[in-house]
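Quick notes on the structure that follows.
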Amino acid sequence: MKILIVDDFSTMRRIIKNLLRDLGFNNTLEADDGLTALPILQAGGIDFLITDWNMPGMQGIDLLKKVRADEKLVSLPVLMVTAETKREQIIEAAQAGVNGYIVKPFTAATLKDKIEKIFERINTQ
Amino acid sequence: MQADSKAAQIEAARALLAALEQDDDATVKQQLAMLSESRETALFQEVGKLTRELHEALNNFKVDSRLVDLTHKDMPDTRDRLNYVIETTEAAAHKTLGFIDETLPLANELQETAAKLDASWQRFRNREMSAEEFRELSREIEVYLPSVSTHARQIHHNLSEVTLAQGFQDLTGQVLRQVIGLVEEVEDNLVRLVKLAGQPNPTSKPAEVDPLKAEGPQINANKKANVVNNQDDVDDLLSSLGF
């Protein structure tokens, strides 16, 4: 499984990458905002997207909307990992079709739990 | 000075000169009064204009709501934000050091026991060990091997926690970027203030609030009604939406 990690802070990308490696996901790619992530996604081959919300260039919520508007990417599982905690934002992300929402700071157990839930749901569909 | 009043003054001056030459006292007084009156009118007009400009400048100063906002809201917010940076970096440093404190004895214990077993093992290989000593060594190895496994698991867990604690860099980085933005805005406003006396600026309108605008980590989250406090709140909200 190939996972794209999108966050403008390289430290956070590295943290998520290390935690994913612990969970057995060794194949990861990185992008620092929506604008650089989108061409990587459109090129194909990405199975799972983990994105921050607050980034310069294209924000995570706009990346999510672009993904859902693209017929090739419409069913790509998307997990948002962000410090944005306003109710309006969480509802907006849910309505835009996010598959999971994790607030920073988070724990390794939360990341594992949300990823498992996302794939459980996809497998039962 | 307006052309009309200038022409009137020239006319009054000529009439004054003519009246002086003709020794016409009444007309001299009349023309002198007219001239000084027109001079006072120009002065009053100038004072009036200055008063209006001052009034507008003061009004602009008062109604520039962004400046008021900056002073009353953003500055105290910024103090909270910078305190958040101190608290978050402090907590992350303590968390990291705590896990290091917890991990070092585990590594030491593994190393010390391994060194002891190694010495005994060498004695056994050199046939310097009695049967009783060998039984003791076997017991020690039996205890040691599972402890290697639990210690290694614990060390792995502690290192993962240290990794997670580095998330402070992202969280405080977002907050510091906001503070930099505010400092730039204050600078712009100060420059505008300096220019204000010369050329009054149009009143700035308060910016519309976009509820979806990314705000980074929430400071004093528990005092804000529309902000969730933790992952459980997020999960509750999402499940209420049918997730």
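The values are calculated or read from the model by the stated rules, or taken from the named source; none is laboratory data. Since the structure is predicted, the reported quantities are computational estimates derived from the model, not experimental observations. No Cβ is skipped: glycine too gets one built from the backbone with ideal geometry, and neighbour counts run over all protein chains shown.
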So, in the range A:25-60, how many residues would count as being closer than 28 Å to B:H156 by Cβ and within 14 Å of chain B (Cβ to nearest Cβ)?
4
Can you pull out every residue in the range A:115-125 that is within 15 Å of the chain's Cα centre (by Cα) and either part of a loop (DSSP other than H, G, I, E, B) or surrounded by fewer than 22 Cβ atoms within 10 Å (Cβ to Cβ) (or both)?
A:E116, A:K117, A:I118, A:F119
Single residue of the range B:192-231 satisfying the filter (surrounded by 10 or more Cβ atoms within 10 Å (Cβ to Cβ), in a helix (DSSP H, G or I) and at pLDDT 80 or above) that is nearest to the chain's Cα centre (by Cα):
B:A221
Restricting the range A:1-36 to residues that are assigned to a helix (DSSP H, G or I) and small (G, A, S), the one nearest to the chain's Cα centre (by Cα) turns out to be A:G34
From the options A:L73, A:L111, residue that is in contact with a helix residue (DSSP H, G or I) (Cβ under 6 Å, 6 or more places away or on another chain) and in a loop (DSSP other than H, G, I, E, B)
A:L73
Regarding B:E53, is this residue more than 24 Å from the chain's Cα centre (by Cα), touching a residue at least 60 places away in the same chain (Cβ under 8 Å) and at negative phi?
yes
Among the residues of the range A:65-89, how many are buried (at least 23 other Cβ atoms within 10 Å of the Cβ) and facing chain B (nearest Cβ under 7 Å)?
3
Expected output for the range B:92-110 (first residue in a helix (DSSP H, G or I), partner acidic (D, E), Cβ below 6 Å, 6+ apart or cross-chain) is B:F99/B:E161
Given the criteria part of a helix (DSSP H, G or I) and either over 16 Å from B:K213 (Cα atoms) or basic (K, R) (or both), does A:K66 qualify?
yes
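Here is a yes/no grid of residues against (1) more than 8 Å from every other protein chain (Cβ to nearest Cβ); (2) modelled with pLDDT of 95 or more; (3) in contact with a Leu (Cβ under 6 Å, 6 or more places away or on another chain):
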position	(1), (2), (3)
A:I91	no, yes, no
A:A94	no, yes, yes
A:V103	no, yes, no
A:A109	yes, no, no
A:R121	yes, no, no
Looking at the range B:99-133, which of the residues that are under 18 Å from B:T150 (Cα atoms) and among the polar types (S, T, N, Q) is surrounded by the most Cβ atoms within 10 Å (Cβ to Cβ)?
B:T103
